[in-house]
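Data block below; observations after.
The values are calculated or read from the model by the stated rules, or taken from the named source; none is laboratory data. Note that the structure is a prediction, hence the values are computed from the model and not measured. Neighbour counts run over all protein chains shown; Cβ positions are idealised from the backbone, glycine included. When the accessible area is computed, the model is the full protein with side chains, heavy atoms only, and any ligands, DNA or RNA have been set aside. Shrake-Rupley method; radii C 1.70, N 1.55, O 1.52, S 1.80 Å.
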Amino acid sequence: MTRSIRAALCLMSIAVPPAVARAQDPAPPAKPEEQEEARPTGLPSRVKWTFNLDAGWGTFGFANSLYNNPKDPGVDEDLSDQWFEGYVKPALSASYTLTSTGEIYGKVSVVGERTYGSIPDLYGRDVSSFGPEDLYIGWRSGRSLTNGENALDSRVGRSQYRLGHGYLIFDGASEGGSRGGYWTNARKAFELAAIARLTPGRHVAELFYLDKDELKESDSGSRLWGTNYEFNAGENTTLGATYMRWFAKPAIKPERDGLNVVNLRAYTAPISSAPDLSFEFEYASERNGEALDSNAWTLQGAYEFSDVSWKPKLSYRYAFFQGDDPTTAANEAFDPLFLGFYDWGTWWQGEIAGEYFLSNSNLKSHLVRAHVTPSEAVSGGLMFYKFGLDQPESYGPQVTATDVASEIDAYVDWDVNSTFTISLLGAYADPGKAVQQATGRTKNFVYGMVYVGYSF
């Protein structure tokens, strides 16, 4: 601002009558041409619209790497000792409130993802894909029913669905292979999901049908219908029971076609005077005659020192997934089904073993974890795994040992701001006798990852 302009402004302020300059007088309304006009979207104004954009990029290093794809057995996945992954996922959600206070809602999203630097023999050094993710429509009851707001909710289309903590059902889409994005796992929606949910008070009752969005090179035709019941017994306890009936292409997944699954689970902090002490339990039964007769279960205990700086939390978990006994006519190898990522180590067990060569079948695992939260934005911890086999003969023809591997994972999660997150992880694993007998591998595995996520 020049000196002449400043002088003119000073003269104008002196010339203004005192009655005009009183603080309690309201400011004059803006002229019509000065008012900011709302920018039109071109979408119906009676509908509430929400736009989201998620994206992520990661770099991965795996020294002395071993790949035996536990996520899609039979799909070769050799990501080399150094590779990169990235994805972008724009989404548009809409909701429309009816006169009854019920609501019609829906969502559409797409995912583009790419893997850079994998072994070129399979799909090329750079593997990418682009396609739909969410595409569903639903209705919820609002306050139109007497037993609570949104007591009835239903949806159909391409949608996500999680059962409990993802022990059996969470990931509705396959990744890696010809799609890329093996670790980032940007796709989670089922190719077709129909879900009806009734939530009167503390009770939750669900009826669902799920058809997985599988890779074209390993499409097993896996689908299921099921019923789920949960009871929220207070603020810190949830009990659940689920029945599922499965179908698949008999020539590809004979053990899954006609499979009956029962899942029981409990997540609880049962002592009101010690809310920092918590337990988790899950059991799964898989029955399909001699095609499959198997069991799995897990138990975890944890204690958080919530009154201490950094709120350290210590936990121990044991998990058992039955293996096939070669001396019997029946198949006892537990089918991991559609598990997914709920938290570090759940339910991909170990960032080396569980992500790249060890599935939740024919497995016994011990996990000791220490987690700290220095601030609302930063958390981290250490995880110590010991993996063993239930039936060593089923792991390989020359395998007699039960020791698979020991693994240590160190991780840090940082919420940089409301949109960006950064995850850092380093892992080390020592192959046991069973891995050495099956593969001849004796060198230790070393793994590292840097991942940046964006969410708007």
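Hey, could you pull the Cα Rg and Dmax for the stretch 387-456, both in Å?
17.6, 52
Let me check something: with ligands and nucleic acids excluded, how do His203, His165 order by accessible area (1.4 Å probe), largest to smallest?
The residues order as His203, His165, largest area first.
Students often get this wrong: which residues of the stretch 292-334 have the backbone nitrogen under 19 Å from the point 7 angstrom along Cα-to-C-beta of Val378?
The answer is 308-313.
Which percent of Cα-Cα pairs in the stretch 275-395 sits in each 5 Å bin, short to long?
2, 10, 18, 20, 17, 12, 9, 5, 4, 2, 1, 0
Cα-based Rg (one decimal) and Dmax (whole number) for the stretch 116-217, in Å?
Rg, Dmax (Cα atoms, Å): 17.6, 61.
What Kirkwood hydrodynamic radius, in Å, does the stretch 347-390 give when the mean of 1/r is taken over all pairs of distinct Cα atoms and then inverted?
Taking the inverse mean of 1/r over all distinct Cα pairs, the stretch 347-390 comes out at 11.8 Å.
For a quick check: with amide H placed at 1.01 Å from N, whose amide H comes under 5 Å from Tyr182's, ignoring anything fewer than 5 positions away on the same chain?
Result for Tyr182 returns Gly176.
Can you give the Rg to Rh ratio for the stretch 327-404, taking only C-alpha atoms and Rh from Kirkwood?
1.08
For Arg140, Arg317, what's the largest-to-smallest order of accessible area, 1.4 Å probe?
Highest to lowest solvent-accessible surface, that is Arg140, Arg317.
Which is the longest run of the chain containing none of the GluC sites (Glu not before Pro) found in DSSP loop states (not H, G, I, E, B) with at most 12 other C-beta atoms within 10 Å?
The reported range is 236-375.
Roughly how many Å is it from the Cα centre of the stretch 175-224 to that of the stretch 246-298, as a whole number?
One Cα centre to the other: 17 Å.
Leaving out ligands and nucleic acids, note down the accessible area per residue over the chain with a 1.4 angstrom probe, in whole Å². Don't skip to the answer; put the middle values down first.
Working: 22940 Å² over 456 residues.
I get 50 Å² per residue for the chain.
When the distances between all Cα atoms of the chain are binned every 10 Å from zero, what whole-number percent does each bin get?
Answer for the chain: a P(r) of 4, 16, 25, 26, 13, 6, 5, 3, 2, 1, 0 percent.
Counting only protein heavy atoms and a 1.4 Å probe, tell me what percentage of the chain's accessible area is made up of carbon and sulfur.
58 percent
What are the principal axis extents of the Cα atoms in the stretch 176-238, in Å, biggest first?
Principal extents (Cα only, largest first): 45, 23, 12 Å.
Determine the calculated [θ] at 222 nm for the chain from helices alone, applying -39500 (n - 2.57) to every DSSP H run no shorter than 4 residues and normalising by the residue count; nearest 500 deg cm²/dmol.
-1500 deg cm²/dmol
Using only protein heavy atoms and a 1.4 Å probe, report how much of Ile104 is accessible, in Å² to the nearest 10.
70 Å²
Using only the alpha-carbon atoms of the stretch 210-321, report the extent along each of the three principal axes, biggest first, to the nearest angstrom.
Result, largest extent first: 56, 28, 24 Å.
Under a 5 Å amide H to amide H cut-off, with H placed in plane at 1.01 Å, what residues pair with Gln391 once short-range neighbours are removed?
Close amide H contacts, sequence-distant or interchain: Gly323.
Can you give the net charge of the other residues whose Cβ lies under 12 Å from the Cβ of Phe341, counting K and R as +1 and D and E as -1?
Neighbourhood net charge equals -2.
The stretch 222-331: which chymotrypsin sites (Phe, Trp or Tyr not before Pro) are DSSP loop and have at most 15 other beta-carbon atoms within 10 angstrom?
Phe305, Trp310
Could you state the angle between the C-alpha long axis of helix 3-15 and the longest principal axis of the C-alpha atoms of the chain, as a value from 0 to 90 degrees rounded to the nearest 10?
Once rounded, the angle reads 60 degrees.
Quick check: pseudo-label points 7 Å beyond the Cα along Cα→Cβ at Lys311 and Phe456, how many nm apart are they?
Rounded to a tenth, the inter-label distance reads 3.0 nm.
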